[in-house]
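Engineer: Please see the structure below; I have some questions.
The values are calculated or read from the model by the stated rules, or taken from the named source; none is laboratory data. Predicted model only: the values in this text are computed from it and were never measured. Positions of Cβ are generated from backbone atoms using ideal geometry, with glycine treated the same way; all protein chains shown enter the neighbour counts. Accessible surface is based on the protein model in full, side chains and every heavy atom, while ligands, DNA and RNA are left aside. Shrake-Rupley method; radii C 1.70, N 1.55, O 1.52, S 1.80 Å.
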Amino acid sequence: MSQPLTLEEFEHQGSARMPPDVRDYIGGGAGREQTLAASRAAFDRFALRPRVLVDVRAPDLSVRLLGTSLAAPIGVAPMAFHRLVHPDGEQATARAAGAAGALFVTSIFASQSLEDIAAAASGPLWLQLYWLRRREALADLAQRAEAAGYRALMLTVDAARVARRLRDVRNSFSVPPHIRAVNLDAALPEIAAYGAAGISAIEAHSRDQFDAAVTWRDLEWLTSRTRLPLVLKGVLTAQDALLAAEHGAAAVVVSNHGGRQLDAAVPGLIALPEITDAVAHRIPVLFDGGVRCGADAAKALALGARIVLVGRPVLWGLACAGRDGAAAVLKLLRDELEEVMVLSGRPKLADFGRDAVVEL
Ligand code: HOC
């Protein structure tokens, strides 16, 4: 098999190595998958505006985010159960992120313990949370994360429950019993216990265990239980970004959950300008959703994102070749972004303002 030269080639090779139901779970979206498709298509609505006769011998991709230095404005989005695609799981993807100088966000539904992931990692780590009905479990995880050296918490706020994902319904998708949400072992029933025809086990589990009553007022409870900064992921409007800043969020992630939650939700790239206009002078805005090449990343940066997060591509790389495959995905994305910086005459990330893109 030839070495993939694009993230799409990683998708092709990585997905082919996955069991069909896992391929569907990772690749699929909610409902009719309108948002999944629209989020990718949104990148085609913008083109880059190159400058010329600029000294581009030393492009600088480094960035600081919440007190942490990253070698590139790239992070690995939180994704559940990396061991679904490779036995080395999150330890391998966290190592890959460290090698690329990227941020790694461990999912609350990681298939390895957050401490074991931290022991393997060589770069900065954040821990993602869903708001569970057993909220004391969140305080416990926050304390463990702090003790293990995690630098921030990322609360996903677009998932009062997991959406109806038709591919998973058709497959009656469940997580195999040997792959567990080990960080929640003591707090929650196993996902496999929710397996039933006509609904995916993760949707059923979330309907039982996620807290659909949580509101802005509850954030104070979480921030009072941790010294870590709290980042809110899943914000798609300026109104909510402003509320996030007012309620003490340290950053927001513009995201529609990879098209996996509200179907027909706005593509992140379209929502990004109104959000950065509203809050980027107060808190950093991160972007997640459909980045598949360096030019995509550059467009999101130009629209105001401090860094971009990538999800599925990292799992394609992991499926291809474990840590080395995930690292190759992140290096490819970083190298493509560097090439965009050189060839567009914008050698610093600060050069990517609104004037770096034009809407077609
Ligand atoms: C109850 C298990 O964010 C996804 C994840 C959902 C996490 C698993 C929930 O699939 O988008």
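Engineer: Would you mind working out the magnitude of the charge dipole of the range 85-196 relative to its Cα centre, with +1 at each Lys and Arg C-beta and -1 at each Asp and Glu C-beta, to the nearest 20 Debye?
Structural biologist: 500 debye
Engineer: So for the chain, averaging the separation of alpha carbon pairs under 8 Å that are six or more residues apart and normalising by length, what relative contact order in percent results?
Structural biologist: 27 percent
Engineer: Residue by residue through the range 50-57, which ³J(HN,Hα) values in whole Hz follow from phi under the Karplus form 6.51 cos²θ - 1.76 cosθ + 1.60 (θ = phi - 60°), with glycine and proline marked x?
Structural biologist: x, 9, 10, 6, 10, 6, 10, 5
Engineer: Output the antiparallel fraction of DSSP beta bridges having both residues in the chain, as a percent to the nearest 5.
Structural biologist: In the chain, approximately 25 percent of DSSP beta bridges are antiparallel ones.
Engineer: Could you work out which residue, out of Pro176, Pro124, Pro229, moves most in a Gaussian network model of the chain, that is, has the largest mean-square fluctuation with Cα springs under 10 Å?
Structural biologist: Looking only at Pro176, Pro124, Pro229, the largest GNM fluctuation is found for Pro176.
Engineer: Output ³J(HN,Hα) for the range 276-292: one whole-Hz value per residue in order, computed from phi by the Karplus curve 6.51 cos²θ - 1.76 cosθ + 1.60 with θ = phi - 60°, and x for Gly and Pro.
Structural biologist: Calculated HN-Hα couplings, in order: 5, 4, 6, 10, 5, 6, 10, 9, x, 10, 9, 10, 9, x, x, 5, 10 Hz.
Engineer: Ok, one more. In sequence order, what are the phi-derived ³J(HN,Hα) couplings for the range 95-112 according to the Karplus relation 6.51 cos²θ - 1.76 cosθ + 1.60 with θ = phi - 60°, rounded to whole Hz, with x for glycine and proline?
Structural biologist: 3J(HN,Hα) across the range 95-112, in whole Hz: 4, 4, 4, x, 5, 8, x, 9, 6, 10, 10, 7, 6, 4, 9, 5, 9, 9.
Engineer: Compute the Rg to Rh ratio over the chain from the alpha carbon atoms, using the Kirkwood formula for Rh, and round to two decimal places.
Structural biologist: When Rh is taken as the Kirkwood radius, the ratio is 0.94.
Engineer: Name the long-range amide H neighbours of Leu286: under 5 Å, sequence gap of 5 or more, or other chain; modelled H, no Pro or chain starts.
Structural biologist: Amide H to amide H, under 5 Å and 5 or more residues apart or across chains, Leu286 pairs with Val252, Val253, Val254, Arg306.
Engineer: Same structure, new question: Quick check: the distance between the Cα centres of the range 238-307 and the range 44-100, to the nearest angstrom?
Structural biologist: Centre-to-centre (Cα) distance: 16 Å.
Engineer: Here's a follow-up. Projecting each Cα onto the charge dipole of the range 1-101 (Lys/Arg +1, Asp/Glu -1 at the beta carbon, about the Cα centre), which of Met18, Phe46, Phe81 comes out farthest on the positive side?
Structural biologist: The one lying farthest along the dipole's positive direction is Phe46.
Engineer: Separate question: About the Cα centre of the chain, what is the dipole size in debye to 20, counting +1 per Lys and Arg Cβ and -1 per Asp and Glu Cβ, all else neutral?
Structural biologist: Using Cβ point charges on Lys, Arg, Asp and Glu, the chain gives about 80 debye.
Engineer: Hey, can you grab everything whose amide H is under 5 Å from the amide H of Val76? Only 5+ residues off in sequence or another chain; H modelled, so Pro and N-termini drop out.
Structural biologist: Leu103, Phe104, Val105, Val310
Engineer: Across bins of 10 angstrom width beginning at 0, how are the C-alpha pair distances of the range 1-127 distributed, in whole percent?
Structural biologist: Histogramming the range 1-127 at 10 Å steps yields 11, 29, 37, 19, 4, 0 percent.
Engineer: DSSP loop (so not H, G, I, E, B), at most 11 other Cβ within 10 Å: list which trypsin sites (Lys or Arg not before Pro) in the range 205-301 pass both filters.
Structural biologist: Those that pass, being in a loop and sparsely packed, are Arg227.
Engineer: Among DSSP bridges having both ends in the range 217-360, what percentage is antiparallel? Round to the nearest 5.
Structural biologist: If we restrict to bridges inside the range 217-360, about 0 percent are antiparallel.
Engineer: Among the DSSP beta bridges whose two residues both lie in the range 33-157, what percent are antiparallel, rounded to the nearest 5?
Structural biologist: 25 percent
Engineer: Let me ask you something else. Taking only protein heavy atoms and a 1.4 Å probe, what accessible area per residue, in Å², does the chain have with all protein chains in place?
Structural biologist: Result: 40 Å² per residue.
Engineer: What are the trypsin sites (Lys or Arg not before Pro) within the range 134-197 that DSSP puts in a loop, where the Cβ has at most 16 other Cβ atoms within 10 Å?
Structural biologist: Answer in residue order: Arg134, Arg135, Arg164.
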